[in-house]
1. By accessible area of protein heavy atoms, probe 1.4 Å, what ranking do B:Tyr66, A:Tyr120 get, highest first?
2. Quick one: if you stick a label point 7 Å off each Cα along the C-beta vector at A:Arg226 and B:Leu49, how many nm between them?
3. When Lys and Arg each count +1 and Asp and Glu each count -1, what net charge do the other residues less than 12 Å away from A:Ala97, Cβ to Cβ, add up to?
4. Between A:Arg276 and A:Ser56, what length comes free when the chain is fully extended (0.36 nm per residue of separation minus the Cα-Cα distance, one decimal in nm)?
5. For the protein assembly as shown, what does the accessible surface come to per residue with a 1.4 Å probe? Please give it in Å².
6. How far is it, in nm, from the label point at B:Thr27 to the one at B:Leu158 when both lie 7 Å from their Cα along the line to the Cβ?
7. Specify the angular offset, from 0 to 90 degrees and rounded to the nearest 10, of the alpha carbon long axis of helix A:107-120 from the longest principal axis of the alpha carbons in chain A.
8. Roughly speaking, what is the centre-to-centre gap between the stretch B:97-134 and the stretch A:132-163 when only Cα atoms are used, to the nearest Å?
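The values are calculated or read from the model by the stated rules, or taken from the named source; none is laboratory data. Keep in mind it's a predicted model, so treat the numbers as computed, not measured. Ideal geometry is used to build each Cβ from the backbone, glycine not excepted, and the neighbour counts take in all protein chains shown. Accessible surface is based on the protein model in full, side chains and every heavy atom, while ligands, DNA and RNA are left aside. Shrake-Rupley method; radii C 1.70, N 1.55, O 1.52, S 1.80 Å.
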Amino acid sequence: MAVAEVRNLTLAYGPRTAISDLTLEIPEGCTGLLGPNGAGKTTLIKALLGFLKPVSGSGSVLGFDIRTESLKIRQRVGLMPEVDCHIPGMNAVSLTAYAGELAGMPFAHALRRAHEVLEYCGLGEVRYRKVETYSTGAKQRLKLAQALVHGPSLLFLDEPTNGLDPEGREEMLNLIRDISHGKGVNVVVSSHLLPDIERTCDHVLVLKDGTLRAQGSVAELKNTSRTLVDVELREPCPAFVEEISKAGASVVHCSGSSYRVSFPAGANSIGAVLFRAAKSSGAQIRGFRPTKRTLEEVFLEAVS
Amino acid sequence: MNPPDEAQPKGLIADLSYRGYEGPLLTRRFRWWVITRNEIKLVFRNVWLLGLLVIFAYLIPGVQLYLRSFIPPEIVGERSFASYFYTGYSGSLFWLFLVALLIGAPSIAGDNRANALQILLAKPITKLDYLIGKLAAVFFILFGMSLIPALALYLFCLGSFNDQGFSKEALGILPRIIAASLLPAVVHSSVAVGVSARSKSPMVATAVYGALYIALSIVSQIASNIVVDRGGQEVATTVMHLSISGVLSGIGQHIYNAQPSFLGQPLRIWGEPLPRPELLPMVALAAALCALGITLAASHIQAVEVVRD
């Protein structure tokens, strides 16, 4: 079941169309939102939160219409923005409780809940310090805590690991993974860091120029209808590439003496084909192994 | 030495796992009050000292009233009790302006600068809830600072001057005190918050509001002199009051039915007591300033920038 969907959605800033006729579904679980600058990620999230009225098309988040039920959507959604956002003079407890009260929680409940989520996000020790004195990592955790305080069903996380040191990044990714798996919270992670998406997300949406370029589970996207093999030769050999082509395969990537060879799906005797091509071309194979596309390759292929 | 008990939780909260919120939710109708309460809590500590200075402004008429008990009326002149309240009111206006400068002008600009709108407006509140919350916070602080010392003076009069005729004026003065306390609170909160919403820097918003307040006073003074030069003495006083400080002072004169005075003596111009300005133009200007401020604020509170591409 989709937690959010848009149908033939067109969004514009004045005369400039940012998203044109976009149709997509965000499935349950953890979804990565990928795309180069200007791809329309911002605009899509704005529209899903009800901040931007569509020119045409329709959409819903958790079953609520993005045109008419934006407050109901925001009641059930949490947002962790990319930029630093805090209110000077407040500490983490008061800021998080304030966010909870704005979501409708009674003060006592908001306060108790603020302590719980701050503890969960790893801010227990510093929760009474003024937020302007926080490190970048603590500010990121605080943004996550204020997004979680009212118990949203869907979280939008924008560059959640920005500015974090390796340890902090690891902890943040673990938190995201924990929230999005088995806690009943669906998560949309917008990030430029593909390893972060790969670590945390089950599904990926790739946007470019306001259109959907690729969509699917991470495993599906990384799989291909062809079989890929990385071959390491003793030295570069153009004749090997020709011999491989004659055998019905193709070299999709070449770096020095390393070749990525693509065979049709279900191809048999890959080793025999490689050795025959090497023998014919006079190349010397040092080794070969089956490989999968990385998410980065999927991304680059989708946006190229 | 005993080994640490592994079963004990490390933090204060025993269950550190995440779970959803299933508690009660309040109606959205008073969501603005959450913003107001939080804002008051945050900013009041910055201005409580100015509140003491507002009280000091009402001490002067209090002392005058005290002295009145000892000095015969033929020496100090006959004055209504309401005029003493006007003295306190006009003395408090400068301090209330400073309070508005310190809490009103930075209110939304501070949130703009800290990107706080991104988290506030992502919650189930409307821009109107946010605006009302901010306006109400500034309003309540100004109203309270204006009302409490005036009420204190009222209670002082009620306890001390009933035998000198205060009991006859007492019922009439109370609504005047409330009206006079509402006036600067409404005008300052509307205009200051309007200026604040346009800015991303609290300091700039403060400077702009201060400059606007002073510039309007200077312009109205110059305009009044020009009017006098052209022979329009009868409207000069009204023109002189066409500024933020002017409307607060001028409408205050009408509310308390008082003349501007110095040490109990009415201010004079060309040998005559300074005439009271016309009420209608000042009310119109005050209403226009409030409407402009609120409209500016409403149009400049932007929904959250979700992702920076």
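1. Ranked from most to least accessible, the order is B:Tyr66, A:Tyr120.
2. Roughly 7.5 nm, to one decimal.
3. Here the count lands on +3.
4. 73.4 nm
5. With the other protein chains kept in place, the protein assembly as shown gives 46 Å² per residue.
6. My value for the distance between the label points is 3.3 nm.
7. 30 degrees
8. Answer, in whole Å: 21.
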